[in-house]
1. Scanning the stretch 135-144 for residues that are under 14 Å from residue 306 (Cα atoms) and in contact (Cβ under 8 Å) with a residue 60 or more places away in the chain, which turns out surrounded by the fewest Cβ atoms within 10 Å (Cβ to Cβ)?
2. Out of curiosity, is residue 151 crowded, with 22+ Cβ neighbours inside 10 Å, touching a helix residue (DSSP H, G or I) at 6+ places or on another chain (Cβ under 7 Å), more than 24 Å from residue 50 (Cβ to Cβ) and modelled with pLDDT of 90 or more?
3. Please enumerate the residues belonging to the stretch 281-323 that are farther than 29 Å from residue 125 by Cα, touching a residue at least 60 places away in the same chain (Cβ under 8 Å) and outside any strand (DSSP E or B).
């Protein structure tokens, strides 16, 4: 890859830049992490938006803004075959999710302290590697230890491409707002999103903003949006799916998610009665009760591939400027994670699988608060046989999940939590959503 092909803009455009514009652009093209990202993506150049999308009159009907987090906008694309110009696009027949992440050079991020809430090329390079690696677990993944692993807990990544803007009008969040935005749980939102960094320096007409575009499978709705419609037995399956997925990722990649709030656990309906997994060549399955989960958003995640560790330094999240005064349950979970990682001069690069347990406990707590009546007492059984059966099942689920919460207290990883749950189920001969080994 030559230096010329790595440029954000061509020589003719460069000649028309102001002095500050040339300096800004130089930071971008000399960012070593940007070059690493392009090499990882096997890109010889950064294509313009128009070379990636068919920006015709139908695209506005086929794309919908879903959410905006601290670092990215997320959209659903209903007809990817018609809207995307990718090779092999015919393999993507169902609706997909597009995540757009604006980028800034590492050195500029270090100098501009107001831009913590935007991704560097290094951050996105790590996220792409983590997403692509976890995506492989959907098939029979052979680890370096020679054994096979498989889980469907992480989304399939179809495409990752570095592109340059400006983006088409279909990506204008103001004209594609989700109708349900007013119902979003405030505790699940990130800080304000910086859409276009060059706007801040009045360079929009001079230097195109670069974006990382991730195209992945549509994984359903955030658990926070659909929890009230999920039946109690499905809640148990969801918790176990979460634990199993994290356990397999821990075992294969020393994976920590580090940001597993309700918006990052998606739920979709499934016709599959059982969900199948492989752990160290051993196959086992779990009743789905009509629900399958996916864990998304590895922005804060940590993973080890071979001898290389990919992670994001998260210390800045815990400054007084970023900590909320409301102390929500989510904020307290972040603080617990920070105390665990930073105690005894530990570092975010190191492996702390107990962070997965902390977030599992957080998700279980959300489910329990929905299932448990306001007075905290178990429901009283009715004389009606149908109501009595439903009430007994709900009470059983509440007791079971409460016990799981107690088990998390002394667990150092999702793997250890899984082993304890299986042991307790065997000891009590509890068949409720039992994990079945083959």
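1. Taking the stretch 135-144 first, the residues under 14 Å from residue 306 (Cα atoms) are 142-144.
Keeping just the survivors that are in contact (Cβ under 8 Å) with a residue 60 or more places away in the chain gives 143-144.
Working: 143: 12, 144: 8.
If we take residues in the stretch 135-144 being under 14 Å from residue 306 (Cα atoms) and in contact (Cβ under 8 Å) with a residue 60 or more places away in the chain, then 144 is surrounded by the fewest Cβ atoms within 10 Å (Cβ to Cβ).
2. yes
3. Taking the stretch 281-323 and keeping what is farther than 29 Å from residue 125 by Cα, we get 281-291.
Narrowing further to those that are touching a residue at least 60 places away in the same chain (Cβ under 8 Å): 281-287, 289, 291.
Across the stretch 281-323, the qualifying residues are 281, 289.
The values are calculated or read from the model by the stated rules, or taken from the named source; none is laboratory data. From a predicted model like this one, the values you see are computed outputs, not experimental measurements. For neighbour counting, all protein chains shown are included, and Cβ atoms are generated from backbone atoms with ideal geometry for every residue, glycine included.
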